[in-house]
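> Below you'll find the structure I mean.
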């Protein structure tokens, strides 16, 4: 396989590994790098999965996904989007990354162009190049307040645009596309006969006062839309590796062919256990989102007091993407120095796009006491001293 330059080592994991090595040496580490929910998977999911194992659901399942789970996903999406999907429009994958990658591999052909909204999730460029090495990536850079620049987006679309891959709510910014921004993407995709691949994994972690507008609400683009989602963020199931895609039937059929030859099927007993998600009220989500809001309010207030940081308060998720341009160094250098001198692990902004080498991502998926400790260290931190 030819590895394009985009298929490199993930900087998010690189710095997390460095922090882990320092911790193993006995140094105090405050991990604000990798982001995953800091609550445990709901008991009903664990219990249903254990029961599935005990009941013998440990063999092959349908490549496209456990039928009951696909049916429940379709019903849930139909209720949310006022749509008419069936279980045949759903594929269950081992993680949301797999859903995104299979979507790309199913539609991209040599010479195609694909639009990414920058900053983007760290793995998107690699996924594109693994799916189609000759595909041209066109970055549309968000404004510094993380709003979508209409003129830049319009200029990015052309007759060669095969798809736009978009993550809303967004990692790393915490930005949520407004209804107007969402409708602009829909309009341009329709005009250019392009696909929309929408990664909506953070949709349930939106703060009070803001609203997530799913592309699924726009059924006029149903035959050009693939929505990728899962349970890793909403149900603290990062290690379970369970995701899904729902959308254009012909694309789902191609994705299923890919899965047949790569995964065979997604873990059977995990799929059976995940059916419980749709049979229990997600009572844990609202309190957790409130905790995230409290943390981000504190972090936002304190970090914006620091002379070397400027930041835009997130609207969703558990990341805070801050501007460190006043320090005058690149993001890799800043993160390495910060880790060495304070033990705070963060993620360099360049991991999310070349235009963001003056930014750093912090995770707030940690207890408030940990954030307070980090803030005290940041107050005394000076680069190069």
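The values are calculated or read from the model by the stated rules, or taken from the named source; none is laboratory data. These figures come from a predicted structure and were not determined experimentally. When we count neighbours, we look across all protein chains shown, and the Cβ atoms used for this are built from the backbone with ideal geometry, even at glycine.
> Which residues, counting only those in region 321-348, are over 21 Å from residue 292 (Cβ atoms) and within 17 Å of the chain's Cα centre (by Cα)?
Once the filter is applied, which keeps residues that are over 21 Å from residue 292 (Cβ atoms) and within 17 Å of the chain's Cα centre (by Cα), region 321-348 yields only 348.
> Given the structure, is residue 91 part of a strand (DSSP E or B), under 17 Å from residue 225 (Cα atoms) and either touching a helix residue (DSSP H, G or I) at 6+ places or on another chain (Cβ under 7 Å) or in the same structural domain as residue 216 (by TED's automatic domain parsing) (or both)?
Values: part of a strand (DSSP E or B): yes; under 17 Å from residue 225 (Cα atoms): yes; either touching a helix residue (DSSP H, G or I) at 6+ places or on another chain (Cβ under 7 Å) or in the same structural domain as residue 216 (by TED's automatic domain parsing) (or both): yes.
So residue 91 fits the description; yes.
Yes or no, residue by residue, for (1) on the phi > 0 side of the Ramachandran plot; (2) surrounded by fewer than 17 Cβ atoms within 10 Å (Cβ to Cβ); (3) assigned by TED's automatic domain parsing to the domain that holds residue 290; (4) within 13 Å of the chain's Cα centre (by Cα):
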residue	(1), (2), (3), (4)
162	no, no, no, no
176	no, no, no, yes
180	no, yes, no, no
186	no, no, no, no
197	no, no, no, yes
202	no, no, no, yes
213	no, no, no, no
228	no, no, no, yes
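> Kindly establish whether residue 344 is touching a helix residue (DSSP H, G or I) at 6+ places or on another chain (Cβ under 6 Å), in contact (Cβ under 8 Å) with a residue 24 or more places away in the chain and buried (at least 17 other Cβ atoms within 10 Å of the Cβ).
Values: touching a helix residue (DSSP H, G or I) at 6+ places or on another chain (Cβ under 6 Å): yes; in contact (Cβ under 8 Å) with a residue 24 or more places away in the chain: yes; buried (at least 17 other Cβ atoms within 10 Å of the Cβ): yes.
Here the answer is yes, as residue 344 does meet what is asked.
> Continuing with this model, one more query. Going residue by residue through region 303-320, is there one that turns out to be in a strand (DSSP E or B), under 23 Å from residue 79 (Cβ atoms) and within 20 Å of the chain's Cα centre (by Cα)?
The initial filter retains those residues of region 303-320 that are in a strand (DSSP E or B), namely 310-311, 316, 319-320.
Now drop any that are not under 23 Å from residue 79 (Cβ atoms), which leaves 316.
This time we only want the ones that are within 20 Å of the chain's Cα centre (by Cα), so: 316.
Within region 303-320, one or more residues are in a strand (DSSP E or B), under 23 Å from residue 79 (Cβ atoms) and within 20 Å of the chain's Cα centre (by Cα).
> For residues that are part of a helix (DSSP H, G or I) and under 15 Å from residue 74 (Cβ atoms), scanning just region 237-255, find the one that is nearest to the chain's Cα centre (by Cα). Outline the logic, then answer.
At the first step, the residues of region 237-255 found to be part of a helix (DSSP H, G or I) are 238-240, 249-255.
Subset that is under 15 Å from residue 74 (Cβ atoms): 249, 252.
Working: 249: 23, 252: 20 Å.
Filtering first and then ranking leaves 252.
> On to the next question. Residue under question is residue 131, and the condition is that it be within 21 Å of the chain's Cα centre (by Cα) and closer than 30 Å to residue 313 by Cα; does it hold? It would help to see each step written out before you state the result.
Values: within 21 Å of the chain's Cα centre (by Cα): yes; closer than 30 Å to residue 313 by Cα: no.
For residue 131, the condition - within 21 Å of the chain's Cα centre (by Cα) and closer than 30 Å to residue 313 by Cα - is not met.
> Give 130, 104 a once-over and let me know the one that is buried (at least 23 other Cβ atoms within 10 Å of the Cβ) and in contact (Cβ under 8 Å) with a residue 40 or more places away in the chain.
104
> Also, I was wondering about something else. For region 88-100, how many residues are surrounded by 19 or more Cβ atoms within 10 Å (Cβ to Cβ) and closer than 19 Å to residue 222 by Cα?
Of the residues in that region, 6 qualify.
> Quick check, is residue 286 within 25 Å of residue 370 (Cα to Cα) and under 22 Å from the mean Cα position of the chain (by Cα)? Steps first, please.
On the way: within 25 Å of residue 370 (Cα to Cα): yes; under 22 Å from the mean Cα position of the chain (by Cα): yes.
It is true that residue 286 is within 25 Å of residue 370 (Cα to Cα) and under 22 Å from the mean Cα position of the chain (by Cα).
> Right, here's the next one. So which residues in region 210-232 are in contact with a helix residue (DSSP H, G or I) (Cβ under 9 Å, 6 or more places away or on another chain) and more than 20 Å from residue 250 (Cα to Cα)? Spell out the reasoning first.
Here is the first cut: in region 210-232, the residues in contact with a helix residue (DSSP H, G or I) (Cβ under 9 Å, 6 or more places away or on another chain) are 211, 213-232.
Residues satisfying the conditions are 211, 213, 214, 230, 231, 232.
> So in region 279-289, with the set limited to residues that are under 27 Å from residue 319 (Cα atoms) and touching a residue at least 60 places away in the same chain (Cβ under 8 Å), which one is surrounded by the fewest Cβ atoms within 10 Å (Cβ to Cβ)? Before you say what the answer is, go through the steps one by one.
Of all residues in region 279-289, those under 27 Å from residue 319 (Cα atoms) come to 281-289.
Applying the additional criterion that residues be touching a residue at least 60 places away in the same chain (Cβ under 8 Å) yields 282, 284-285, 288-289.
On the way: 282: 14, 284: 18, 285: 17, 288: 20, 289: 19.
Checked region 279-289; the qualifying residue surrounded by the fewest Cβ atoms within 10 Å (Cβ to Cβ) is 282.
> Among the candidates 109, 68, 4, single out the residue that is over 27 Å from residue 279 (Cβ atoms), at pLDDT 95 or above and not assigned by TED's automatic domain parsing to the domain that holds residue 292. Can you show your working first?
Values: 68 fails: over 27 Å from residue 279 (Cβ atoms); 4 fails: at pLDDT 95 or above.
Only one candidate qualifies: 109.
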